[in-house]
1. Does residue 85 satisfy being β-branched (Val, Ile, Thr) and either farther than 20 Å from residue 153 by Cβ or touching an Asp or Glu at 6+ places or on another chain (Cβ under 7 Å) (or both)?
2. Restrict the check to the stretch 173-182 and report whether at least one residue is over 23 Å from residue 107 (Cβ atoms), at pLDDT below 90, among the aliphatic types (A, V, I, L, M) and in a helix (DSSP H, G or I).
3. Being modelled with pLDDT under 95 and polar (S, T, N, Q) is true for just one of 226, 186. Which residue is that?
4. Would you say residue 160 is in contact with a Gly (Cβ under 9 Å, 6 or more places away or on another chain) and either among the hydroxyl-bearing types (Ser, Thr, Tyr) or part of a helix (DSSP H, G or I) (or both)?
5. I'd like to check something: does the stretch 103-126 contain any residue that is of a type in the set (Ser, Thr, Tyr), in contact with a Ser or Thr (Cβ under 9 Å, 6 or more places away or on another chain) and part of a loop (DSSP other than H, G, I, E, B)?
6. Tally time: how many residues in the stretch 210-226 are assigned to a helix (DSSP H, G or I) and in contact with a helix residue (DSSP H, G or I) (Cβ under 9 Å, 6 or more places away or on another chain)?
Amino acid sequence: MITGGSKGIGLATAEAFLREGAKVAICAREPDTLAVAQAHLAKLGDVFAMVSDATDPAATEAFADAAAQRLGPIACWVNNVGASIPRAGEAYTAAEISATVAVCFHSAVYGCQSAYRHMRARGGAIVNVSSLAARCGTAGRSTLYGPMKAAVRELSVMFAAEYAACGIRVNAVLPGFTVTPAVQSTIPEAELSRRVQGILLRRSAVAREIAEPIVYLCSASASYITAASLEVSGGSGVVLNPAYAYERREKGR
């Protein structure tokens, strides 16, 4: 089960699960984009797609029920929905705040609760897609995004505690700068180039590099991992001198 599975990290995660032989269900709000994604994924395996708004609890429950009826019992759930909604003026409006909280936080709450309802009898794994911004927020364009993604990270710990007795593991993945359609459409190339200078690996991620850790956390190989946060950021903002190794290499040392 992957919310926001029609593009970017969500689509790459669906691809990764299908390559492992899983049956996959994706949802998104845009019918056209979802149809394109479904046609693409169908070449890789068994996929179910449904137009659904992850910020609506009833719609999320309906997505879960329809997918379970079509594909069978739900074993893994990935809450991938999120967006950085910029403020139009000097201060955030009530509508802008509500929209950010809904898409970044409410969607994760509703997804976890729907997953629990289907998994409590047999166990399973939930992964919430948080963000590097949970640790290192961005002022200005994404002022509210970081705090909401930090809330998603902590939500993962709380639900891990609540669901543990049912054999349900809950973890969070914190992606760093990832080349997705959303990033490409909102962040200028010059700014992206400047930001990668602070990353140890000196590049942005591609969506597949976030998807594979998500699949790992859902797998039996991660059977003793719960309430954990896995940062997948290429070493972003971890030292004050990220250029050190590159300067040594240039000097032949």
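The values are calculated or read from the model by the stated rules, or taken from the named source; none is laboratory data. The structure displayed is predicted, hence computed values, not measured ones. FYI the Cβ positions are ideal-geometry reconstructions off the backbone, even for glycines, and counts take in every protein chain you see.
1. Answer is yes for this residue.
2. No: the stretch 173-182 contains no residue that is over 23 Å from residue 107 (Cβ atoms), at pLDDT below 90, among the aliphatic types (A, V, I, L, M) and in a helix (DSSP H, G or I).
3. Going through 226, 186 in turn, just one is modelled with pLDDT under 95 and polar (S, T, N, Q): 186.
4. Criteria not met by residue 160.
5. The answer is no; no qualifying residue exists.
6. The qualifying residues number 8.
Results for (1) under 22 Å from residue 79 (Cα atoms); (2) surrounded by fewer than 18 Cβ atoms within 10 Å (Cβ to Cβ); (3) out of contact with any strand residue (DSSP E or B) (no Cβ under 8 Å at 6 or more places or on another chain); (4) not β-branched (Val, Ile, Thr), shown as yes or no for each residue.
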site	(1), (2), (3), (4)
147	yes, yes, yes, yes
156	yes, no, no, yes
162	yes, yes, yes, yes
170	yes, no, no, no
175	yes, no, no, yes
181	yes, yes, yes, yes
199	no, no, no, no
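Residues checked against (1) outside any helix (DSSP H, G or I); (2) surrounded by 21 or more Cβ atoms within 10 Å (Cβ to Cβ); (3) free of Cβ contacts under 8 Å to residues at least 40 places away in the same chain:
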{"site": "26", "(1), (2), (3)": "yes, yes, yes"}
{"site": "40", "(1), (2), (3)": "no, no, yes"}
{"site": "63", "(1), (2), (3)": "no, yes, no"}
{"site": "78", "(1), (2), (3)": "yes, yes, no"}
{"site": "81", "(1), (2), (3)": "yes, yes, no"}
